[in-house]
């Protein structure tokens, strides 16, 4: 099935896409470590079933030097030895922040306590913003039926410009 529409071929869609990209750029420029940003975006995209975003974040992370072992284990991060405790805290927050309706408590106090142990206030704000933005982006991609597979690393910047 083809994409339902091209977001950027409509005036309103182009405005939305550019603003989403601008917020994402603020997060990219934050002090939140880049590997954490890519791992979180990849995991949330996996949870949401957004092939387009999984493709983007897998390829961009690999192009930035992320190992194939770590990328392959993101979906099973709890049962692997390749992630730091700080990365595990971020991935737990990403999962709980994505699956808000699956858990009666939303984000647990335990997860929040782990996150603030490893990240300062600026990084925490960036992490929360990142989780919110990738969830929004995933929903746009899935609703519009954007498919993964043809993305080239670094291409995202040209899509939104």
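The values are calculated or read from the model by the stated rules, or taken from the named source; none is laboratory data. Note that the structure is a prediction, hence the values are computed from the model and not measured. Positions of Cβ are backbone-derived with ideal geometry, glycine not excepted, and every protein chain shown enters the neighbour counts.
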Worksheet item: Applying the selection to region 82-101, what residues are in a loop (DSSP other than H, G, I, E, B) and either closer than 17 Å to residue 126 by Cβ or out of contact with any helix residue (DSSP H, G or I) (no Cβ under 9 Å at 6 or more places or on another chain) (or both)?
Response: 100, 101
Worksheet item: modelled with pLDDT of 95 or more and assigned to a helix (DSSP H, G or I), is that true of residue 32?
Response: no
Worksheet entry | Criterion (surrounded by fewer than 20 Cβ atoms within 10 Å (Cβ to Cβ), within 21 Å of residue 33 (Cα to Cα) and within 12 Å of the chain's Cα centre (by Cα)) met by exactly one of 124, 116, 128 | 128
Worksheet item: Does any residue of region 57-76 turn out to be under 18 Å from residue 142 (Cβ atoms), in contact with a helix residue (DSSP H, G or I) (Cβ under 9 Å, 6 or more places away or on another chain) and buried (at least 20 other Cβ atoms within 10 Å of the Cβ)?
Response: yes
Discussion item. Being buried (at least 18 other Cβ atoms within 10 Å of the Cβ) and assigned to a loop (DSSP other than H, G, I, E, B) is the filter here; which residues of region 35-56 pass it?
Written reply: 50
Worksheet item: Cβ-Cβ below 8 Å, separation at least six or inter-chain, first residue in region 73-85 and under 21 Å from residue 112 (Cα atoms), second outside any helix (DSSP H, G or I) and at pLDDT 95 or above: which pairs?
Response: 77/83
Discussion item. For region 112-128, which positions are within 10 Å of residue 90 (Cα to Cα) and part of a loop (DSSP other than H, G, I, E, B)?
Written reply: 119
Fill in: Qualifying positions in region 99-113 - crowded, with 18+ Cβ neighbours inside 10 Å and at pLDDT 95 or above
111
Worksheet item: (1) buried (at least 17 other Cβ atoms within 10 Å of the Cβ); (2) in a loop (DSSP other than H, G, I, E, B): which one isn't true of residue 137, the others all being true?
Response: (2)
